[in-house]
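Below is one structure; the comments refer to it alone.
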Amino acid sequence: MARYSLDEPLPSDVFAGVASPFGGYRGYATFSWPWFWRRTAVFAPFVTAIAVFQAAVLSAQLGDARIGMLCVLVGVPIWVSFVISGPALASFVRHLRLPLGRERTAVVGAIFVGVLISCGGQYLASVFSRAEVSPRFSALFSGPAGQKFRETAPVVVAIVWGCDIALFFLLGGGLALRTYFREQRSWENAQHALEVERLRRQKNEADLRLTVLQAQVEPHFLFNTLASIHSLIRTEPARAEATIEALADHLRASMPRFRAEVGSTHSTLAQQIEVCTSYLAVMKVRMAHRLRYSVEVPETLRSHEFPPLILISLVENAIKHGVEPSPTGGNVVLSAAVAVHGDSRQLAVSVTDDGVGLRPGPSGGLGLNNVREQLAARFGLNGTLVIRGRTVGGVTATIRVPYEEQGALSDRAATERLAREPPAGASEGTPSGGEEMA
Amino acid sequence: MTRPQAVIAEDEEAQRRKLVELLGEIWPELEIVAQCEDGLSALESVTSLQPAVAYLDIRMPGLTGLEIARAAGPGTHVVFTTAYDEYAVSAFDHGAIDYLLKPIKRERLEQSVARLKQRVGSHSVNSTTIGAVLDALQGRMASRPTLGSIRWITGSLGNITKMFGIDEVLFFQAQDKHVRVVTLDDEVQIRTPLRELLAALDPEAFWRIHRSVIVRAAAIHRIELDVEGKLQLRVKGRTDLLPVSSAYQYRFKPM
């Protein structure tokens, strides 16, 4: 059976509700030394205060400071022993790391030995009291009252001892026994929950990886482009060439299996913009004057991490539902900015078109739904997709993801780029911000 | 005998030109009377010119090829062209309607022309068959509302149009001639009747609780009685009080 460390704090879901400033010791394994010392730090001052108060009352009643001092000297160690002897023994036992069954027996035994020690302390206290305190009281209340005080009925004595023992048990770790017996189970449950969470995360990551690997170039796009090239080859060979070049760029950018880092679920905004611009470049050759597009993304944001294959969905949508259905065509703008959202910063990437706009009513929209699911899987509530009609016509779709300060990030991105791209000059270089491609 | 006439509808100029060129070689008698680059002009040409043959791209701006075929007269033989056979026109290969996959191959076009030459001039295809075939095709194509098929709601407020994911929506409330679509911090109006929404929403996720209200079950915060003893419902994070009619109170009976 899995055992857990006695020196480390417990996982937060093993113990519940230690909001009080005095409950901190419960964050450690019951009957571990860290637990013991923290508990002692809470309990010892408390019982010391009781002992001092007792002594103060007594010395006030007797009008004698010396007896008060004496009571403090005797009372404080005895009171402290009430609260620590059982737990100290039990902690000692636990750190022997016996097999669980034997440990449990031994811990219970330790608590009862602690109760016995407390009883011994109580006995010493009563001996002290009889020797030092009682005669003084007898002197104070001489006569029958003093006599009665000295000779208590055996039943009363038994009841008093019974109460004492119960108190010693409760103070001396008896309550902690309950927690102790539950702890192993709670810890196992917490471990189980952790494991489930870990597997869930792993599956999530695997799903994302799969989505990326399965990423396809939309068949309609691919075959229509081939049909275009087919029609252009003889009549307009230069345009056919341009289309093939743009298509090759798009395939390379959008199909991860054509890149070195197969199956990577990470990519940069620059890579995703490349996927989109190569797509738009192909569409531009095909649709000629009916499509215009531009990219307005600051150079500084391009190395920011950005999930793969979701921006292209927005661009495909802008073409398919915005520009293509419009007899006059339209303009597509890719833009990015850092937006302040509450106390955090977000990277907002937008695809704006001036096409036919949103059609009111319910719709199916599987592609956009995938975008949302991907964002949720990666960023939870911090990844959003917002789609708004524009008053001037057309649609703006905006993806927001948490913005991470550059620096650490750009280092990694730079390393990745070095590993992926041939030396400068061999590639055409990323177009800079704000270029117009219409 | 008069020359057979044809209308060609294809939104990409290069592909249109290529088809015209191929037809000129394979079927020189064919007279191409109109070349259209969008659905609307194609519809106009097909209905007004009543050509013997119509080559229709399925995906076009404005109207789809399927919609145009539906409007074509009984004397017009339709040939669909498509880059990707997502509507499975191939299933109707030997039926009333021919189709060509793009890029269009010469042999395939020759085959199609040979078949058309036999048919042209006859009303060989009865229009009910065509109608049935188009219904079937359109059935494959259309996203007819089925349970749970709604993923997005597009509506407007003033002159701003917004698109909400269905899982953002907390409730729908009919008011006058429109329906309010309410999310945690936003709302729009749509004109789709509740009855239609209900047919396409996931019945587990959305409950009708009143003639005028559909609410997301998971968003229900609490039910309270108003001064007249009627049940009212509050939704998490909103102040709206939604009426619950007696017919739907069974949903909230204590277990």
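The values are calculated or read from the model by the stated rules, or taken from the named source; none is laboratory data. If you're wondering where the values come from, they're calculated on a predicted model, not measured in any experiment. All Cβ positions, glycine included, derive from the backbone under ideal geometry; neighbour counts span all protein chains shown. Side chains included, ligands, DNA and RNA excluded: accessible areas come from the protein's heavy atoms. Shrake-Rupley method; radii C 1.70, N 1.55, O 1.52, S 1.80 Å.
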Ignoring ligands, DNA and RNA, how do B:GLU228, A:GLU132 rank by accessible area with a 1.4 Å probe, largest first?
-> B:GLU228, A:GLU132
Ordering of A:29-38, A:82-91 by burial proxy (mean other Cβ atoms within 10 Å per residue, highest first) | A:82-91, A:29-38
Members of region A:341-371 that become less accessible by 20 Å² or more once partner protein chains are added (1.4 angstrom probe, chain alone as reference) | A:LEU358, A:PRO360, A:GLY361, A:PRO362, A:SER363, A:GLY364, A:LEU366, A:LEU368, A:ASN369
Any lysines whose Cα falls less than 19 Å from that of B:LYS105, other than same-chain ones fewer than 8 residues away, would be B:LYS18, B:LYS117
Under 5 Å between amide H atoms, partner at least 5 residues away or on a different chain: which partners does B:THR161 have, H built in plane at 1.01 Å?
-> A:GLY389
Here the whole-number average of other chain Cβ atoms within 10 Å per Cβ of A:279-290 is 2
So for the pair A:SER5, A:PHE181, with labels modelled 7 Å out along Cα→Cβ, what separation do we get in nm?
-> 2.9 nm
Counting only protein heavy atoms and using a 1.4 Å probe, what share of the accessible area of region B:1-118 belongs to carbon plus sulfur, as a whole percent?
-> 50 percent
Any chance you could check the Cα centroid distance between region B:183-238 and region A:237-256 for me, in angstrom?
-> 50 Å
Report the local net charge at A:VAL72: Lys and Arg +1, Asp and Glu -1, summed over other residues whose C-beta lies under 14 Å from its C-beta.
-> -1
Which of the peptides A:279-290, A:319-330 is most tightly packed, and how do the rest follow, judged by the mean count of other Cβ atoms within 10 Å per residue?
-> A:279-290, A:319-330
For peptide A:217-224, how many partner chain Cβ atoms fall within 10 Å of a residue's Cβ, on average?
-> 4
Taking every residue of B:59-68, the Cβ atoms of other protein chains inside 10 Å of its Cβ average out to 2
When the solvent-accessible surface of protein heavy atoms is calculated with a 1.4 angstrom probe, in what order do A:ARG390, B:ARG208 fall, highest first?
-> A:ARG390, B:ARG208
Considering only protein heavy atoms, what is the solvent-accessible area of B:ILE8 at a probe of 1.4 Å, reported in Å² to the nearest 10?
-> 0 Å²
Summed side-chain charge close to A:LEU347 - residues other than A:LEU347 whose Cβ falls under 12 Å, Lys, Arg +1, Asp, Glu -1 = 0
Local net charge near B:VAL182, Cβ-Cβ under 14 Å (Lys/Arg +1, Asp/Glu -1) = 0
Note to self, chain B gives a 222 nm [θ] from helices alone (DSSP H runs n ≥ 4, -39500 (n - 2.57) apiece, / all residues, nearest 500) of -8000 deg cm²/dmol
Using alpha carbon centroids, what distance separates region B:1-64 and region A:75-98, in Å?
-> 97 Å
